[in-house]
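The structure appears right after this line, and notes come after that.
The values are calculated or read from the model by the stated rules, or taken from the named source; none is laboratory data. This is a predicted model, so every value here is computed, not measured. Neighbour counts are summed over all protein chains in view; Cβ atoms, including those assigned to glycine, are modelled from backbone coordinates with ideal geometry.
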């Protein structure tokens, strides 16, 4: 059956113990064996690479990133686009060569696979070739971040190799080589937008022609309950206008902004697990032959794609070790909740006030929502007739919270507090702000006031309400004291006299807070990168949480930011000559009845 072969092949991309999805070569052999059309993954830089190598003035290119970012995949696609054959590519050679008119392209599949006696002469020759505009050789090299510099630095210390290493270091850090004589460029695939890539991978997998045999051959046609087909349709967005996949993209994007990079291999593993996951299946991933047995046993509902997103089909220890699930579980979805959501899940079936919402969000989903098993355990829990019902119902509540995060409509999201189902309650506002930058729209009105209240409370250690100015305070020195009663400066948020506090696009898909201290033509500028966690920290502090109760690390980061601001203010005062010889003026912070900070000056005579 065609669908069997397709799903058998798709399992290779899932989180299986053999880790067959780790190697492009393994996948290629499986394609040939099962006679499956390849999965055409998004190769975001393919056109740029091919155009470069077809150009008369082409440069050598290094593709770097972390394992699984698609470096070898890009190399193979370039090889095929330039006339190479898949048979030659799969022949096993670590280094491939193909003619480009009068030149030869040398393709290094993975620099880390080369022994030192293989990589050293190659790098030395490459160093000469990239420095020679008339060289007959150009290079396409794939290398992981760590291996790249290690291999380059151990290749040699002659003048040409040293120049190559310096250019590569500059390209990695700044994006500019700094040496026009070296014809080399570098593309870091780990900087690709994972949220966009996730959407592309979902399309590629759910729309693959391998599914064409499914309706006539599998249980789906006879029983209408095939969990594989159901999960595929839900992930594809057939019946929810793409809500599930959009919320999944939100989680991936928020994780990326927090430093949790998703490689294309991890996204493939995640998408596969969402569709095929079931805790009772072999390796936690369903195959066609297992579906009928699972449905007959009445446990098809355990294939919920909303659990599978977090690796709920895997053993806990295995999910914790598997990267995409480890990152997504940091959001705490399933464990975090709100009274509104839990009241609806527990009492909604019998409470007239909650009944309409319960019908829309729980009863409407008879496959993964209000299933017969859920209703039975819910009743046992409410009636208290089974001591074991509490533990079982709490487990089902966790699964329902996970499902609700992906299924609550946008209209109900604010009413029920969608992001209250996560650890990051301000992540929705964070993503909305990022998209406002991308779309060149005005920022949400509440963002800057919230950030200013949070910063001012961290800087002073007091619950002050100022949100139109930054209250820069100290304890008499630049120490990182928890409470700072001495005012150093009021810095206007709105541009005034050249001073300004602004929220800006950081150029890497995120945002940064920029404080500009006016004086002269080149005023000091101090910036703070706002990750998802730092944004959440400031939001929690702005609403009254103690700074160290959420994140001691964030608190220390912001105190370091304050120290940089204090240093900038001191430099500005020195340039202005604001020194007094007759005494010291101490400005104490007083809190007005409305919670706003004001200053009270005390002069100490010398």
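In this structure, is residue 521 in the same structural domain as residue 586 (by TED's automatic domain parsing) and at pLDDT 90 or above? If you could, list the steps in order and put the result at the bottom.
Details: in the same structural domain as residue 586 (by TED's automatic domain parsing): yes; at pLDDT 90 or above: no.
Here the answer is no, as residue 521 does not meet what is asked.
Only one of the numbered conditions (1) loosely packed, with under 15 Cβ neighbours inside 10 Å; (2) within 27 Å of residue 305 (Cβ to Cβ) is violated by residue 174, and that is (2). The residues listed here are 583, 539, 595, 544; of these, the one that is modelled with pLDDT under 80 and either loosely packed, with under 15 Cβ neighbours inside 10 Å or over 26 Å from residue 476 (Cβ atoms) (or both) is 583.
Considering the conditions (1) assigned to a helix (DSSP H, G or I); (2) surrounded by fewer than 15 Cβ atoms within 10 Å (Cβ to Cβ), residue 259 is excluded by exactly one of them, (1).
Listed here are the residues, each with its yes/no results for (1) assigned to a helix (DSSP H, G or I); (2) at pLDDT 95 or above; (3) crowded, with 20+ Cβ neighbours inside 10 Å; (4) not assigned by TED's automatic domain parsing to the domain that holds residue 312.
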{"site": "385", "(1), (2), (3), (4)": "no, no, no, yes"}
{"site": "401", "(1), (2), (3), (4)": "yes, yes, yes, yes"}
{"site": "405", "(1), (2), (3), (4)": "yes, yes, yes, yes"}
{"site": "432", "(1), (2), (3), (4)": "yes, yes, no, yes"}
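If residue 423 satisfies all but one of (1) in a helix (DSSP H, G or I); (2) out of contact with any helix residue (DSSP H, G or I) (no Cβ under 7 Å at 6 or more places or on another chain); (3) under 21 Å from residue 330 (Cα atoms), what's the number of the condition it fails? Residue 423 satisfies all of (1) in a helix (DSSP H, G or I); (2) out of contact with any helix residue (DSSP H, G or I) (no Cβ under 7 Å at 6 or more places or on another chain); (3) under 21 Å from residue 330 (Cα atoms) except (1). Of all the listed residues (57, 25), the sole one being surrounded by fewer than 19 Cβ atoms within 10 Å (Cβ to Cβ) and either closer than 15 Å to residue 268 by Cβ or modelled with pLDDT of 80 or more (or both) is 57. Scoring residue 472 on the criteria (1) at pLDDT below 95; (2) touching a helix residue (DSSP H, G or I) at 6+ places or on another chain (Cβ under 9 Å); (3) not assigned by TED's automatic domain parsing to the domain that holds residue 537 leaves a single failure, condition (3). Of note, residue 229 does not satisfy the criterion of being crowded, with 17+ Cβ neighbours inside 10 Å, in a helix (DSSP H, G or I) and within 27 Å of the chain's Cα centre (by Cα).
The criterion of being assigned to a loop (DSSP other than H, G, I, E, B) and crowded, with 21+ Cβ neighbours inside 10 Å holds for residue 368.
Against the test of being at pLDDT below 90 and either in contact with a strand residue (DSSP E or B) (Cβ under 8 Å, 6 or more places away or on another chain) or under 17 Å from residue 45 (Cβ atoms) (or both), the options 201, 167, 196 yield a single qualifying residue, 196.
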